[in-house]
Amino acid sequence: MKTTAFTQILQESPEKALFFEYQSGQYVRTDYHITEIKNVTFDTVDCGGIRNQWSEVHVQLWENEIPEPEHAVDTSKALKIFDVVNRVRETFPDSEIKFEYGNSRFPTAVLPVHQIKDTGNALIVQLVPDQTTCKAKDRATTPEEKASACCAPVSEKPKRSISLVSAEDANTCTPGSGCC
């Protein structure tokens, strides 16, 4: 989901509760904070030797160690945070938006949006874990290209020769004798 699409949904749903489901049935606590909105630029070279460049927006969600029952972020408050950030520097509008979250039971991860459910009085942003991929294989168009695109299997392992040395010879090792 692009950042502009996400903020537009927030604008169309003023003052609705805003919840994040980071795994099926597992939710970020309702007293979370939005602590950072990051513009992230990637400049990579994949195993096929191709340069890849893209940008994303990462929104960091944080839970205070001490629960704050009086604190809640609704859609309007989230938009205000985006406004504060955009006054300092523009958030990449056409980049994918992802949410950074972790707690003591879930390792910190950057999670893309799967979908947003509107329950009438709340929006539930369902997040899904990203999978790693091989861009060289992703670019391939045939099974043969996919097979050779990345880290193709080695056809044969090199053979090693091992020679055993008697205990007597072990004490009389000389250069070139093959004992060491």
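Summary of computed values
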| item | result |
| --- | --- |
| Selection within region 1-25 - within 18 Å of residue 107 (Cβ to Cβ) and part of a strand (DSSP E or B) | 20, 21, 22, 23 |
| Filter result (of a type in the set (Lys, Arg) and farther than 14 Å from residue 6 by Cβ) within region 68-116 | 77, 80, 87, 89, 105 |
| Hits in region 59-73 - residues which are touching an Asp or Glu at 6+ places or on another chain (Cβ under 6 Å) and under 15 Å from residue 112 (Cα atoms) | 60 |
| Single residue of region 28-58 satisfying the filter (among the aromatic types (Phe, Trp, Tyr) and under 18 Å from the mean Cα position of the chain (by Cα)) that is nearest to residue 118 (Cα to Cα) | 54 |
| Test: residue in region 135-150 that is at pLDDT 85 or above and in contact with a strand residue (DSSP E or B) (Cβ under 8 Å, 6 or more places away or on another chain) | yes |
| Residue check, residue 27 of a type in the set (Phe, Trp, Tyr), in contact with a Leu (Cβ under 8 Å, 6 or more places away or on another chain) and modelled with pLDDT of 95 or more | no |
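The values are calculated or read from the model by the stated rules, or taken from the named source; none is laboratory data. Model, not experiment: these values are computed from the prediction. Don't worry about glycine lacking a Cβ; one is built from the backbone with ideal geometry, like all the others, and counts go over all protein chains shown.
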